[in-house]
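Asker: Supplied in structure tokens, the structure appears directly below.
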Amino acid sequence: MRRLLAALAVLLALSAAVFYGIAAGAKHWFPYGLAAAAYRTVVPESPAAPGGSRLAEREAVRRLSQLPYLQGYNPAGNESGVTVYDAGRAFDGWNLCVSAHAAQAELLDMRGSLRHRWSFDSHRLWPNLKVREELSEHDGYWRRALLLPGGDLVVIWEYVGMARLDRNSRVRWALRNGANHDLAVDRDGRIYTLTREIHVVPEINAKAPVFEDFVTILSPDGRTAKSISLLRSFERSDYAPALAEMKTEGDVLHANAVQVLDGSLAAANPAFAAGNLLVSIHALGLVAVLDPRSERIVWALSGQWMAQHTPRLLDSGRLLLFDNVGSLRVGRSRVLEVDPLTQRVVWRYGDEERERMFSDTHGAVQRLPNGNTLIVESNNGRAIEVTPGKQIVWEYFNPYRVGARKELIATLPQVERMASVRPGDWTSP
């Protein structure tokens, strides 16, 4: 009997190892990166066939996969607009909303009334614009909008380009630079965004091109001042070992957020010096700080979240982020507030059944001046404001529908609460 139980135990252990090995290869879990790197060292890449390398590279570029950022994911319900508003506990302000149904941004009051709209079609900017098949919806809506003093808006068409519009939606400048995901501005008006290049990086994959992510810095008038490779910034830093978990094909880092640090937390950690940039590396579940002067990563943290969006370092010194799948429960997302020095989770939302929410892609979070938290459950077209005690005091459902029969609620990439906007500052919609 003992021998039989021992044999069963060995069989179960071997089965578990086999299943983990298959999953690790498919999902690039630990120790996939180390094993792949070791294999490439022992077994060098075979040279490409003469005369066919350029054609093969172009074909590989064409086939490179993207996360499926769609105009809509889920069936639309009956909810529309503001469905909850507790005026006594919600933070009063204006809501800058970006919806995937069209290339536009709207400024709404707390009751959901439209006070201003910006809009511009990418094909008016670039009449001959053609995008790859997997990006076919991205030229039709904005991924991110950044409101500047005076009413100008900087906007991104995901992986296509960006533009600066005045308050009447007239174009001040536009760039076909493949900007994606996020925007930030510093006190001098410089604009920070994320861009990428598709090319062969031999030390990652000598046969096929990969995406290399950059932080690109623009002057207020849209001139590119500098582009910093995040891959090289990791490689030349003490955090280079984090790349051991990196995939060897396709979207190897997938940067998806950037924040300019103001230096208020530099006393706690010199890495948080003024002008440094907090960046999010989605593919590695990593939040890092980039020193744009030395072009080196000077701080990084991972392990408590997965596939995160919009990490922000708060005035309190804590890190707030939208954790898409880090709870490892199917169909569940959450928000985490973490002390980046002790790594202690000091607040969370989404773990309890009554807090259930999920966004497989996108997602956003903002800490409001009154201590409440604004959460954007993008794929469900929903945004909520919750108190520190986790009561919902404001709720908004995207009123726009997409799909062949308008059966889907439009994705809601962004809802941002603006505190300093006054009605008299804006023209009618």
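The values are calculated or read from the model by the stated rules, or taken from the named source; none is laboratory data. Here the structure is a predicted model, which means the values were calculated and not measured. Glycine gets a Cβ as well: all are built from the backbone with ideal geometry, and neighbour counts include every protein chain shown. The accessibility values were calculated without ligands, DNA or RNA, using every heavy atom of the protein model including side chains. Shrake-Rupley method; radii C 1.70, N 1.55, O 1.52, S 1.80 Å.
Asker: Using the Karplus curve 6.51 cos²θ - 1.76 cosθ + 1.60 with θ = phi - 60°, what ³J(HN,Hα) values do you get for each residue of segment 300-313, in whole Hz, with x for Gly and Pro?
Answerer: 7, 8, 8, x, 10, 8, 8, 6, 6, 9, 6, x, 9, 7
Asker: Also, quick follow-up: Which whole-angstrom value gives the distance between the alpha carbon centres of segment 268-341 and segment 364-420?
Answerer: 21
Asker: Which of the peptides 364-374, 379-389 is most tightly packed, and how do the rest follow, judged by the mean count of other Cβ atoms within 10 Å per residue?
Answerer: Taking the mean over residues of other Cβ atoms within 10 Å, the ranking is 379-389, 364-374.
Asker: Can you give me the long-range amide H partners of TRP347? Hydrogens built in the peptide plane at 1.01 Å from N, cutoff under 5 Å, separation of 5 or more residues or another chain.
Answerer: Long-range HN contacts for TRP347: GLU337.
Asker: Something else now. Per residue and in Å³, how big is the convex hull formed by the alpha-carbon atoms of segment 222-315?
Answerer: 119
Asker: Give me the one-decimal Kirkwood hydrodynamic radius in Å for segment 284-350, with the sum taken over alpha-carbon pairs.
Answerer: 12.5
Asker: Three principal axis extents, largest first, for the C-alpha atoms of segment 250-380, in Å?
Answerer: On the principal axes, segment 250-380 reaches 43, 41, 23 Å in Cα extent.
Asker: For the ranges 242-249, 337-344, what's the packing order if you count other beta-carbon atoms within 10 Å of each residue, average per peptide, and put the highest first?
Answerer: 242-249, 337-344
Asker: Exceeding 30 Å between C-alpha atoms, which entries from my cross-link table qualify? They are LYS226/LYS247; LYS247/LYS390; LYS247/LYS406.
Answerer: LYS247/LYS390; LYS247/LYS406
Asker: So, one more: State in Å² the accessible area per residue of segment 217-333; use a 1.4 Å probe, count heavy atoms of protein chains only, and round to the nearest integer.
Answerer: 37
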